[in-house]
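*Asks:* Structure below; questions to follow.
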Amino acid sequence: MSRIHEALAKAEQERNAGRVVDEVTTLVGVAPLRQVGEKRDPAKANEAFARTGMLVPPPSSTSLRFDSVVAHCPHPGWHPEPHANVFLNSTAGLQGAEQFRTLRSRLYQIRGSQPTYTLLVTSSLPDEGKTFVSSNLAQAVQQQPQHRTLLIDADLRCPQLHLALGAPLRPGLSDYLRGEVDEISALQHGKEKNLCFMPGGSYVPNPSELLCNGRLKVLLDRLTPIFDWVILDSPPCLPVADATVLAGFCDGVLLVVRAGSTPVEVAQKVCQQLRGENIVGVVLNGAEQNELYCAHYYGHDHGDSAVA
């Protein structure tokens, strides 16, 4: 946890100094809080909705295959936003993409030999860069041959991942959770061979209740075995309870904090709130360019990244 506290202290120092920072992301620490490779405990996931009194819907007896999912799910024409993707943004330079590859490698080290992994990406407050990190981490993983990635927009209150990918918003997770579509219809597959995406879906007035109705657990139990990584972008932790609920369904949590903006006491409060979960690391977003290697490659207003 020492690296996490270093990250929070660094963010607080830059905030107090009033520094102007660029859109650069730095992984400042990886701190596994439970045994590496430990699989998600189904009983632990059940706790997320057991308190609501709702019953878990029975899983389908039909197992899924990746090739079949890709063949039958929608294939809309994605039009990725270049400024949101460091692998497409030429002004970001080589370093931006390389930092997400380093983040990918560190997460593999934490996971050990576990073949699949569900990772929740969240933040303390809005506008800290969690969606940017989720999207680019998924891009980094799917670029590896035979490494299949599922990216889920679980921020049902303010879904944004479809904008970065240039993908349709619906049908998606909310439509699946309401029982209006099956998992195949809620998924999308674009030009990237190894990347599937489930957008947030239609507007719902009761996202917390939907997340606890049992269908999310069924979804993850069915889809996780056919992907190497399942990455969920969640709402920020403090304004609403959704992220805490989602964390109960995931193997690990990646916390994003913004340098020069996130108060250290706020980030510490979130760490305490998620203490029963597996916080695998903290990503410091908005690090100063002059602290980065090869900083002259970076554009001023783009989502570049670096790992310290």
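The values are calculated or read from the model by the stated rules, or taken from the named source; none is laboratory data. These numbers come from a predicted model, not from an experiment. Cβ atoms come from the backbone with ideal geometry, glycine included; neighbour counts cover every protein chain shown.
*Asks:* Here are 196, 212: which of them is within 27 Å of residue 283 (Cα to Cα), surrounded by 20 or more Cβ atoms within 10 Å (Cβ to Cβ) and not small (Gly, Ala, Ser)? Outline the logic, then answer.
*Replies:* Details: 212 fails: within 27 Å of residue 283 (Cα to Cα).
Only one candidate passes the filter, namely 196.
*Asks:* Quick one: which of 223, 238, 246 is surrounded by 24 or more Cβ atoms within 10 Å (Cβ to Cβ), aliphatic (A, V, I, L, M) and at pLDDT 80 or above?
*Replies:* Details: 223 fails: surrounded by 24 or more Cβ atoms within 10 Å (Cβ to Cβ); 238 fails: surrounded by 24 or more Cβ atoms within 10 Å (Cβ to Cβ).
From the options 223, 238, 246, the qualifying one is 246.
*Asks:* When you go through 168, 207 one by one, which is the residue that is touching a residue at least 40 places away in the same chain (Cβ under 8 Å) and under 26 Å from residue 83 (Cα atoms)?
*Replies:* On the way: 207 fails: under 26 Å from residue 83 (Cα atoms).
Of 168, 207, the one residue that is touching a residue at least 40 places away in the same chain (Cβ under 8 Å) and under 26 Å from residue 83 (Cα atoms) is 168.
*Asks:* Hand me the list of helices (runs of 4 or more DSSP H) wholly inside the range 129-178 holding 1 or more residues that are polar (S, T, N, Q).
*Replies:* Because the criterion is at least 1 residues that are polar (S, T, N, Q), the helices (runs of 4 or more DSSP H) in the range 129-178 that meet it are 130-142, 173-177.
*Asks:* Just to be sure I understand, how many residues within the range 179-230 are basic (Lys, Arg) and assigned to a loop (DSSP other than H, G, I, E, B)?
*Replies:* Of the residues in that region, 2 qualify.
*Asks:* For the range 252-272, indicate whether the set of residues that are at pLDDT 80 or above, under 15 Å from the mean Cα position of the chain (by Cα) and of a type in the set (Asp, Glu) is non-empty.
*Replies:* no
*Asks:* Quick check on this structure: which one of 155, 127 is surrounded by fewer than 20 Cβ atoms within 10 Å (Cβ to Cβ) and of a type in the set (Asp, Glu)?
*Replies:* 127
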